[in-house]
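Heads up: the structure comes next, in structure tokens.
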Amino acid sequence: MTGAAPLENLIEQFARLNGIGRKGAARLAYQVLAMDKKQADEFAKAITEAHEKIHRCAICQNFTVEEDCAICRDPGRDRTTICVVESPRDVTAFEHTREYKGMYHVLHGLISPTEGIGAEQLSVQELLARLKDGTVTEVIMATNPTVEGEATALYLARLIKPLGVMTTRLAYGLPVGGNLEYVDDVTLYRALSGRGEL
């Protein structure tokens, strides 16, 4: 306890962020206090402005300031393929590879009964609506290889199959530069079962 209520409140607000523990929150709070007044005002304004101006794309549910995001507006994108991801951060990761040219769909979470998150809290209905006109021929499940990610991918695949759209899953395997003796059993099994011809 610092004895300063505004500082404690700032620490508590940072601690509410995913992946930020109490010590990390305190470090961030002290960094904010070290800013001069102008920097602190700009920081607060950036948070407020982001909250007021950024919303979900009407098509793919990614974050945007327009009605539709830049990817959905791009006429050069392959509209027959949709890559389903958990969060907007995943879209950014795929875009950095400059390899994927299809469309995206952001779920904004994964099915997790232990956290009280069901399919109705994700953008599942919006995804299914995009598949009804017959344009999409493949949906790539690009959720993380966790229990929740696998459960969400299987759930969606069951919903999509009756629509006649092929559902695929990202391949998982060995990282480039990895050493076999340090790889866990599941990763090694997936690398072996997903092997391809040279």
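Which translational diffusion coefficient, to the nearest whole µm²/s, is obtained for the stretch 3-77 from the Stokes-Einstein equation, given a Kirkwood hydrodynamic radius over C-alpha pairs, 37 °C and 0.692 mPa s?
222 µm²/s
Anyone know which of Thr92, Thr114, Thr143 comes out most mobile in the 10 Å Cα GNM of the chain? Taking springs between Cα atoms under 10 Å, the residue moving most is Thr114. For the listed peptides 20-27, 40-47, 8-15, a ranking on the average number of other beta carbons within 10 Å per residue, highest first, reads 8-15, 20-27, 40-47. In the chain, the calculated helix contribution to ellipticity at 222 nm averages -13000 deg cm²/dmol per residue, counting -39,500 (n - 2.57) for every DSSP H run with n ≥ 4.
Pairwise Cα distances in the chain exceed 32 Å in 34 percent of cases. The share of Cα pairs per 5 Å bin across the stretch 135-198, counted from zero up to the longest distance, runs 4, 15, 20, 21, 17, 12, 7, 3, 1 percent.
Quote the FRET efficiency, to the nearest 0.05, computed for Gln39 versus Arg77 with a Förster distance R0 of 30 Å and r equal to the Cβ-Cβ distance. Efficiency, rounded to the nearest 0.05: 0.20.
If you roll a 1.4 Å probe over the chain with all protein chains in place, what percent of the accessible area is carbon or sulfur?
Of all accessible area on the chain, carbon and sulfur atoms account for 57 percent.
Dipole magnitude for the stretch 44-157: computed about the Cα centre from +1 point charges on Lys and Arg Cβ and -1 point charges on Asp and Glu Cβ, it is near 240 debye. For Tyr155 and Leu174, the difference between the fully extended length at 0.36 nm per residue and the C-alpha to C-alpha distance is 4.2 nm. The lysines whose alpha-carbon is closer than 28 Å to the alpha-carbon of Lys101, local same-chain residues fewer than 8 away aside, are Lys53, Lys132, Lys161.
The values are calculated or read from the model by the stated rules, or taken from the named source; none is laboratory data. Since the structure is predicted, the reported quantities are computational estimates derived from the model, not experimental observations. So basically every Cβ, Gly included, is an ideal-geometry build from the backbone, and we count neighbours across all protein chains shown. We work out accessible area using only protein heavy atoms, side chains counted, and drop any ligands, DNA or RNA first. Shrake-Rupley method; radii C 1.70, N 1.55, O 1.52, S 1.80 Å.
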